[in-house]
1. Taking interchain pairs and intrachain pairs at least six residues apart, which have beta carbon atoms under 8 angstrom, with the first residue in the stretch 207-230 and without any contact (Cβ under 8 Å) to a residue 24 or more places away in the chain and closer than 19 Å to residue 133 by Cβ and the second surrounded by fewer than 18 Cβ atoms within 10 Å (Cβ to Cβ) and among the β-branched types (Val, Ile, Thr)?
2. Mind listing whichever residues of the stretch 132-144 are at pLDDT below 95 and either surrounded by 15 or more Cβ atoms within 10 Å (Cβ to Cβ) or in a loop (DSSP other than H, G, I, E, B) (or both)?
3. Which ranges mark the strands (runs of 3 or more DSSP E) fully within the stretch 85-131 that have 1 or more residues being in the same structural domain as residue 180 (by TED's automatic domain parsing) and among the acidic types (Asp, Glu)?
4. Does residue 78 meet the test of being in a helix (DSSP H, G or I) and crowded, with 16+ Cβ neighbours inside 10 Å?
5. Listed residues 42, 85, 35, 54; which is under 30 Å from residue 229 (Cβ atoms) and of a type in the set (A, V, I, L, M, F, W, C)?
6. Tell me the strands (runs of 3 or more DSSP E) entirely within the stretch 145-230 that contain at least 2 residues that are of a type in the set (Asp, Glu).
7. Of all residues being among the basic types (Lys, Arg) and over 24 Å from residue 93 (Cα atoms) in the stretch 193-230, which is nearest to the chain's Cα centre (by Cα)? Just the residue, please.
Amino acid sequence: MKKLLLLLLLSLGLIGCASLDSLDSLEFSASPAEAETKKILALGLTHAENLSEARKLKDPTLVSEVVQELKTRNDNALIEEEIVAKYAEKVTVSNNNSQFIGPEINKRKKMGLLINSDYEDYFLQGSINNGLIQHQLHLSIKYTSEKWRNYYSASFSKENQVDITLISSSAFGCSGSSCDYTEVMELNLSDDFLRSNMETGFSIVFNSIKTTNKITIPSDYIKGYLKVAK
C-alpha cells in the first residue's frame with residue numbers, strides 16, 4: 001500500500017513539473033513574428049534591407065507582423081537618436097577639449113507626507129588628465145528642514161556604499177525652527193562604468209543621516225554626454 005502511495009505521489013509530482021515546464025515555455029517563448037524579427041536584425045542590414053528580407057517570408061500574416069515590428073523598432077531608434085543628439089548639443093566643452101559638462105537635470109520630489117519638497121539639480125562632468133578621463137556626478141540638493149541632513153555617502157546597492165565629496169553647503173531663509181539648506185556634492189565615476197551602463201542608464205542613492213535621495217541618469221543622457229566626452 002505504501003508503495004502505491006509513493007508511486008501516486010511521484011506521478012502527481014512529475015505531472016506538476018511537466019505542467020510548470022509547459023507554462024514556462026509558453027511564457028518565455030517568442031512569437032513567430034518576434035523570432036523572425038530577431039533573425040533579420042541579427043544580419044546587421046539597413047532598415048530597407050530588413051524590410052526586404054521580411055517580405056521574403058511565405059506567410060502573408062507573418063510578413064505583415066514582422067514588417068510592422070521592424071518599422072516600430074526603426075522609429076524608436078530614430079527618436080532615440082534625436083534625443084541623444086539634443087543631449088550632446090548641450091554638453092559644454094572647455095580647456096582645449098579636456099573638460100566636459102553635461103546638461104543639468106532638474107527634479108522636484110515630495111518627501112513623504114511633508115509639504116516641503118526636495119529640489120535636485122545634477123549633471124555629469126568629466127576631465128582628461130594624462131590621457132585618462134575621469135567623470136563625476138555633480139549633485140545639488142535643496143531642502144527645508146530643522147537641521148542639516150549631512151549627506152555622507154552614495155550607494156549602488158545596500159551593500160555597496162562609496163564616499164562622496166562635499167563641495168559646499170549653505171543655509172538661508174531661516175524662520176522659526178527651520179531653514180532652507182543646500183548641499184552640493186560630487187561622486188567619482190569611471191569611464192568604464194558609464195560606458196557599461198549606456199544602454200540601461202543607472203540610479204544612485206545618496207545617503208544622509210535623516211533620509212536618502214535616489215538620482216537616475218537615463219540611457220539617452222549618458223549616450224549624448226559620452227558622444228562628446230571622449
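1. Short answer, once both residue conditions are applied: none.
2. Matches in the stretch 132-144: 133, 143, 144.
3. In the stretch 85-131, the matching strands (runs of 3 or more DSSP E) lie at 117-129.
4. no
5. 85
6. 178-190
7. Looking at residues that are among the basic types (Lys, Arg) and over 24 Å from residue 93 (Cα atoms), I get 214.
The values are calculated or read from the model by the stated rules, or taken from the named source; none is laboratory data. Please read all numbers here as calculations on a predicted model, not as lab measurements. Because the Cβ atoms are built from the backbone with ideal geometry, glycine has one as well, and the counts that use them run over all protein chains shown.
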